[in-house]
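Please read the structure below before turning to the comments.
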Amino acid sequence: MGKLNMAAMLLMLMFVSIADAQVFDIGKYGGKPNSDIAQALTSAYKEACASTAPSKVVVPKGTYNLSPVNFEGPCKAPIEFQFQGTFIAATEKTTEESWVAFSNINGLTVSGGGVFDGQGPTAWGKCEKNEYCKSLPMNFRFNFIVGGSVTDITSKDSKQFHVNLLGCKDLDFIRFTISAPGESVNTDGIHIGRSSGIKVIDSNIKTGDDCVSIGDGSQQITIQGVTCGPGHGISVGSLGKYKNEEAVVGVTVRHCTFTGTSNGVRIKTWPASYEGSVSDMHFEDLIMNNVANPVLIDQAYCPWNQCNAKVPSKVKISGVTFKNIKGTSSTPIAVKLACSSGFPCQGVELADIDLKYTGKEAPAALSQCSNVQPKVSGRMNPPACTAPVSLN
């Protein structure tokens, strides 16, 4: 038998030992409903993290105030947080980048059905609309987590991103709920950066920015059974803005439904960019309900005209399939593959696309391509690459 990798061993240990986990209830540490439990929760975590046996930190049902907390590892054994209550963030300005952070933990489980209310309406709009509001905390941050899951948790009304992942490996989000209005600013649902083996499964994401965004250095990402909308869709990128960005390899988006989003699935790179690469992308078995730009490769991504759109992107895109995508488009151009003139897309496939245009600007949906020659098979509505490139 070959050696199990570290993440697999951790997951096995977590599942086998969960029933025998030592319990650390915040009540023992002075945590009570209708009060700030940050200190009690931190104290419970410190003892649980020091345990040589698997442990479980429990927050019973109730409504709690919660100041920013950072659960820093490593711990001596797998650890579970069972959040059963509703947690209310402070509305006062903070210097913290995140509200709830988990860092450097091997074998992490977050569960319990808890709701984390970031109190976003108290902060939205206080930065300029087109500005990344780094002074506002995101609801969750996961840094360098190896092996684990986040299950049946709700992130509500984050002041900024709901979830940010950095340097994580083999972490699953299952039945994860994100809830924020479509007009909330910079509230990306789940942003994945420089992580591998990440899965977002059977989750419901409603927010004001990308439902899921995948940044540089991400590998083997699976997004399956996700409902997205309102929001900006599921995006790979934007890429190429910064020097030494790492390649994005192996992204699969399947069995997802988009409703009323401003994009469906897209790959976006900056013009006049640094070098980079995107490969092995699969977008399959998707439903679009009145979605703008359902299928999109945009290698001239230039929000707010803050770049030189005339200089081609240097990010190389290859091995991309769009397969079995059906539904309705709210924009005339339902399929747009706008690749770089400097590095044309390679190995792009379109198969079994059936998208109907619901508006009045054109008699039917259109498909537009530039600097790409996709392989086409199956039913194709709109007919592939037939719209003039000059049409916007």
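The values are calculated or read from the model by the stated rules, or taken from the named source; none is laboratory data. Note that the structure is predicted; figures quoted are calculated from it, not measured. Every residue, glycine among them, receives a Cβ derived from its backbone with ideal geometry; neighbour counts consider all protein chains shown. Please note that ligands, DNA and RNA were not included when accessible areas were found on the heavy atoms of the full protein model with its side chains. Shrake-Rupley method; radii C 1.70, N 1.55, O 1.52, S 1.80 Å.
Answer yes or no as to whether Ile201 is open to solvent by 10 Å² or more (accessible area, probe 1.4 Å), over 30 Å from Lys314 (Cβ atoms), within 12 Å of the chain's Cα centre (by Cα) and of a type in the set (A, V, I, L, M, F, W, C). It is true that Ile201 is open to solvent by 10 Å² or more (accessible area, probe 1.4 Å), over 30 Å from Lys314 (Cβ atoms), within 12 Å of the chain's Cα centre (by Cα) and of a type in the set (A, V, I, L, M, F, W, C).
For the structure I just gave you, tell me whether Phe343 is crowded, with 18+ Cβ neighbours inside 10 Å, touching a residue at least 12 places away in the same chain (Cβ under 8 Å), under 22 Å from the mean Cα position of the chain (by Cα) and at negative phi. Spelling it out, it is not the case that Phe343 is crowded, with 18+ Cβ neighbours inside 10 Å, touching a residue at least 12 places away in the same chain (Cβ under 8 Å), under 22 Å from the mean Cα position of the chain (by Cα) and at negative phi.
Listed by first and then second residue, the pairs with beta-carbon distance under 6 Å, at least 6 apart or on different chains, first residue in the stretch 52-68 and buried (at least 16 other Cβ atoms within 10 Å of the Cβ), second among the aliphatic types (A, V, I, L, M) and assigned to a strand (DSSP E or B), are Ser55/Ile79; Lys56/Val23; Val58/Val23. Taking the stretch 74-115 and the strands (runs of 3 or more DSSP E) fully enclosed by it, the elements with 3 or more residues that are in contact (Cβ under 8 Å) with a residue 40 or more places away in the chain are at 98-103, 106-111.
From the list Ile190, Ile105, the lone residue that is more than 19 Å from the chain's Cα centre (by Cα), open to solvent by less than 10 Å² (accessible area, probe 1.4 Å) and at pLDDT 95 or above is Ile105. For the stretch 183-223, filtering for residues that are part of a loop (DSSP other than H, G, I, E, B) and under 20 Å from Lys156 (Cβ atoms) leaves 14. Screening Cys49 with (1) of a type outside the set (Val, Ile, Thr); (2) under 30 Å from the mean Cα position of the chain (by Cα); (3) open to solvent by 20 Å² or more (accessible area, probe 1.4 Å) gives one miss only, at (3). Considering the conditions (1) surrounded by 17 or more Cβ atoms within 10 Å (Cβ to Cβ); (2) in contact with an Asp or Glu (Cβ under 9 Å, 6 or more places away or on another chain); (3) closer than 29 Å to Val23 by Cα, Ser98 is excluded by exactly one of them, (2).
Among the criteria (1) in contact with a Pro (Cβ under 8 Å, 6 or more places away or on another chain); (2) within 30 Å of Glu246 (Cβ to Cβ); (3) of a type outside the set (S, T, N, Q); (4) open to solvent by less than 40 Å² (accessible area, probe 1.4 Å), the one Pro374 does not fulfil is (1). Here Gly237 fulfils each of the conditions (1) surrounded by fewer than 23 Cβ atoms within 10 Å (Cβ to Cβ); (2) within 18 Å of Thr321 (Cβ to Cβ); (3) small (Gly, Ala, Ser) apart from (1).
Say whether the condition of being in contact with a Lys or Arg (Cβ under 6 Å, 6 or more places away or on another chain), within 20 Å of Leu296 (Cβ to Cβ), touching a residue at least 40 places away in the same chain (Cβ under 8 Å) and open to solvent by less than 30 Å² (accessible area, probe 1.4 Å) is met by at least one residue in the stretch 210-219. Steps first, answer last, please.
As a first pass, look at the stretch 210-219 and keep what is in contact with a Lys or Arg (Cβ under 6 Å, 6 or more places away or on another chain): 217.
Then drop every residue that is not within 20 Å of Leu296 (Cβ to Cβ), which leaves none.
For the stretch 210-219, residues in contact with a Lys or Arg (Cβ under 6 Å, 6 or more places away or on another chain), within 20 Å of Leu296 (Cβ to Cβ), touching a residue at least 40 places away in the same chain (Cβ under 8 Å) and open to solvent by less than 30 Å² (accessible area, probe 1.4 Å): absent.
Apart from one condition, Ala387 fits all of (1) over 23 Å from Val251 (Cβ atoms); (2) open to solvent by less than 20 Å² (accessible area, probe 1.4 Å); (3) in a strand (DSSP E or B); the exception is (3).
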